[in-house]
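Every number in this text was worked out from the coordinates using simple rules, so none of it is lab data. The structure presented is a predicted model; accordingly, all values stated were derived computationally and were not measured. All Cβ positions, glycine included, derive from the backbone under ideal geometry; neighbour counts span all protein chains shown.
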Amino acid sequence: MAIPLYILGQETDPHSEKGVDCPGELPAASDPGLVERARKAKEALGDRLFVLGHHYQRDEVIQFADVTGDSFKLAQQAAARPEAEYIVFCGVHFMAESADILTTPRQKVVLPDLAAGCSMADMATFDQVEEAWEALEDAGIADDVIPITYMNSSADIKAFCGRHGGAVCTSSNAKRALEWAFSQKKQVLFLPDQHLGRNTAVLEMGMSLDDCVLYSPHRPPKAEELRGRKMILWKGHCSVHGRFTAESVDDVRRRVPGVNVLVHPECRHEVVTKADHVGSTEYIIRKLEAAEPGSSWAVGTELNLVKRLAQQFPDKNVSFLDKTVCYCSTMNRIDLPHLVWALESLVLGEVVNQITVDDDTAHWARVALDRMLALP
Ligand code: 13P
Ligand code: SF4
């Protein structure tokens, strides 16, 4: 099958996270009045507006967020503000979709740049996942399998999980979601991040690597390889966290005596096993808040967050785990010009870049999201 190539910012694929062109007139990035313009637009919109900012957003954007958080906290926050008419989501497409699903029909969710997708979410398309499910049916095991998808997936993958009795999870509750899943069925199809699935299963739930099998949609495993495996891991990964290597951990330990290595569970298994602490972005922040003054930390997550944490805790020695710079390029698409453009358009009564999920998809995705929000 030929896979079309979409050039970021120039073409659109409504069934994926791939971005599209900005439909409006963006202010120039060099405009020195941008901060003031964003402030004024926010003031004019008052309580009608609620701005959510993921921890990986740029400083220039995060300063305007009413709430910052990881994807779990932001989903909860989006659901908790029924009075706000506009939710401006400074994050990526799948997060804005979840916000649309969790908010009331009256509320409108805006993503300042539609090109802010997620390469990991793109690694599991609806058709591929449907095909995988058919393969599980052909192998005679579909009745024993429950699908769990990481929040970092498109709404139709979440809906797929909802329809098949499954749930969503985030990096803060993956263990609880898997415990619940194994109370329902014998096997889990974990989408789309193989690393979060493997790390949670092996490091937090006592499974072995042999309990896991990798499911590549391009080269699916044979039926006998799928049978009896507790974790069927979709072959997806985060292009940012996937860059950290076991050598980066060894290297920082050589360079910084006594360093604590703190990484996100989207990192590869060999990185996570060498680290001292593993957890979601909220966990990483809490860990550094509680750290002793003078202690040293090498952090393996997105660079905007690590830089901010280094500034926030000057009494602690906080550095980036890798030597090379590694921002999430799609998170970085949301910049001040796009935010100003989105906010000023709202002031004029024009809702730009609205993210909507169709009713059927939203219903089933909400079923999967609600199962997550109800986890003990
Ligand atoms: P969390 O926000 O769940 O920590 O996920 C990290 C991430 O990669 C978001 O895109
Ligand atoms: Fe996707 Fe990784 Fe970027 Fe998060 S950090 S939005 S998972 S590519």
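What whole number of Å gives the distance from the Cα centroid of the stretch 163-188 to the Cα centroid of the stretch 46-105? Spelled out, the Cα-based centre of one part sits 25 Å from the other. Along the chain, counting only trypsin sites (Lys or Arg not before Pro) with a DSSP assignment other than H, G, I, E or B and at most 10 other Cβ atoms inside a 10 Å radius, the longest segment between sites is 223-376.
Would you mind classifying the stretch 125-199 by shape? Square roots of the alpha carbon gyration tensor eigenvalues, ordered a ≥ b ≥ c; an a/c under 1.5 is rounded, otherwise it is prolate if a/b is larger than b/c and oblate if not. Note, shape of the stretch 125-199 comes out oblate. GNM remark for the chain: springs join alpha carbons under 10 Å apart, and the peak mean-square fluctuation among D100, D156, D127 falls on D127.
Starting from the Cα gyration tensor of the chain, take the square roots of the eigenvalues, sort them a ≥ b ≥ c, and report rounded, prolate or oblate (rounded when a/c is under 1.5, otherwise prolate if a/b is larger than b/c, else oblate).
Working: a/c = 1.79, a/b = 1.18, b/c = 1.52.
In terms of gyration-tensor shape, oblate.
Which listed residue (T170, L233, A132) has the Cα farthest towards the positive end of the charge dipole for the stretch 121-237, taking +1 on Lys and Arg C-beta and -1 on Asp and Glu C-beta about the Cα centre? The listed residue farthest towards the positive side: T170. E43 sits among other residues whose Cβ lies under 15 Å from its own Cβ, and their net charge, with Lys and Arg +1 and Asp and Glu -1, is +1.
Springs join every pair of Cα atoms under 10 Å in this Gaussian network model of the chain, and among A28, A75, A99 the largest mean-square fluctuation is at A28.
Rounded to two decimals, what ratio of Rg to Rh does the stretch 207-358 give with C-alpha atoms and a Kirkwood Rh?
On the way: Rg = 19.9 Å, Rh = 18.3 Å.
With Rg and the Kirkwood Rh in hand, the quotient comes to 1.09.
The distance from the alpha carbon centre of the stretch 263-332 to that of the stretch 106-130 is 26 Å, rounded to a whole number.
From the square roots a ≥ b ≥ c of the eigenvalues of the alpha-carbon gyration tensor of the stretch 115-240, which class results: rounded (a/c under 1.5), prolate (a/b over b/c), or oblate? Don't skip to the answer; put the middle values down first.
Values: a/c = 1.36, a/b = 1.12, b/c = 1.22.
In terms of gyration-tensor shape, rounded.
Relative to its residue count, the stretch 241-320 spans a Cα convex hull of 75 Å³ per residue. Dividing the helix sum by the residues of the chain, where each DSSP H run of 4 or more adds -39500 (n - 2.57), gives a mean residue ellipticity at 222 nm of -11000 deg cm²/dmol.
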